[in-house]
Amino acid sequence: DNPDVPLKYKAALILIIFTSARRGEVLGTEWPDIDFTTGEIVIRRESQYLTGEGVYTDTPKNETSARGNIVPAEVVKLLKQYKVWQTEQRLKLGDKWVKEWEAHPRLFTQHNGKPMHPSTLNHWMRQFFEKNNLDLDRITPHGLRHTYATLLIGNGVDVATVATGMGRAKKSTTLDIYTG
């Protein structure tokens, strides 16, 4: 555990690694999308940004992007810790926490409950790497998505299963990227 990694960012990045969710999919995740008993996390929406419109909610990239993934117990434990932390933040802010959150309880929010801007994860990672003198400027949240595929394929999981877990519309894309 690195004290320089806030729980919010740790949880978001761990979710990308263990679900292969796209950045917008993780940021669109709401608490009801998580089954804390089974460890299933269902991707139902994504959070996007458009100049002039701001952060908005959209459907996943394609039909196969709406999917469920089972995460290990350690990830569920981390999410429970994060949920407690977020609840504490909400209670501290009281009526300054946005009312819209109750209808759409996002995991990853700004300090006041509004949806987090999608580029926030990228900015945080870049600052973290610079602060810790890590020459990892090419690693992005999307790069962590590829970690999921690489680990599974490296452990003998067939490419079709990996592609399904990644929510890819075409299994051949996964085959081309990871076996080429």
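Kindly indicate whether THR87 is open to solvent by less than 60 Å² (accessible area, probe 1.4 Å) and within 15 Å of the chain's Cα centre (by Cα).
Taking the combined requirement at face value, the residue does not satisfy it.
Could you tell me whether ILE34 is more than 26 Å from ASN132 (Cβ to Cβ), open to solvent by 80 Å² or more (accessible area, probe 1.4 Å) and hydrophobic (A, V, I, L, M, F, W, C)?
No, not satisfied.
Given (1) of a type outside the set (Val, Ile, Thr); (2) under 18 Å from ILE17 (Cβ atoms); (3) more than 13 Å from the chain's Cα centre (by Cα); (4) open to solvent by less than 50 Å² (accessible area, probe 1.4 Å), where does GLU40 come up short, assuming only one miss?
(4) is the only condition that GLU40 fails.
For the range 1-23, give me each residue that is open to solvent by 10 Å² or more (accessible area, probe 1.4 Å) and in a helix (DSSP H, G or I).
LEU7, LYS8, TYR9, LYS10, LEU13, ILE14, ILE17, PHE18, ARG23
Only one of (1) touching a residue at least 24 places away in the same chain (Cβ under 8 Å); (2) of a type in the set (Val, Ile, Thr); (3) assigned to a helix (DSSP H, G or I) is not met by THR87, so which one is it?
(1)
What number of residues within the range 129-180 satisfy the criterion of being at pLDDT 75 or above, farther than 24 Å from ILE70 by Cα and surrounded by 13 or more Cβ atoms within 10 Å (Cβ to Cβ)?
1
Mind checking which residues of the range 90-135 are over 14 Å from ARG23 (Cα atoms), in contact (Cβ under 8 Å) with a residue 60 or more places away in the chain and outside any loop (DSSP other than H, G, I, E, B)?
Answer for the range 90-135, where residues must be over 14 Å from ARG23 (Cα atoms), in contact (Cβ under 8 Å) with a residue 60 or more places away in the chain and outside any loop (DSSP other than H, G, I, E, B): PHE128, LYS131.
For the range 106-121, does any single residue satisfy the condition of being surrounded by 16 or more Cβ atoms within 10 Å (Cβ to Cβ), modelled with pLDDT of 80 or more, aliphatic (A, V, I, L, M) and in contact with a strand residue (DSSP E or B) (Cβ under 6 Å, 6 or more places away or on another chain)?
Scanning the range 106-121 turns up at least one residue that is surrounded by 16 or more Cβ atoms within 10 Å (Cβ to Cβ), modelled with pLDDT of 80 or more, aliphatic (A, V, I, L, M) and in contact with a strand residue (DSSP E or B) (Cβ under 6 Å, 6 or more places away or on another chain).
Here are the criteria: (1) over 21 Å from HIS117 (Cα atoms); (2) charged (D, E, K, R); (3) assigned to a loop (DSSP other than H, G, I, E, B). Tell me which single one LYS61 does not satisfy.
Looking at each condition in turn, LYS61 falls short on (1).
The values are calculated or read from the model by the stated rules, or taken from the named source; none is laboratory data. Keep in mind that what you see is a predicted model, and the values were worked out from it rather than measured. Heads up, the Cβs are rebuilt from the backbone with ideal geometry, glycines too, and the neighbour counts pull from every protein chain shown. These area figures cover heavy atoms from the full protein model, side chains too; ligands, DNA and RNA do not enter into them. Shrake-Rupley method; radii C 1.70, N 1.55, O 1.52, S 1.80 Å.
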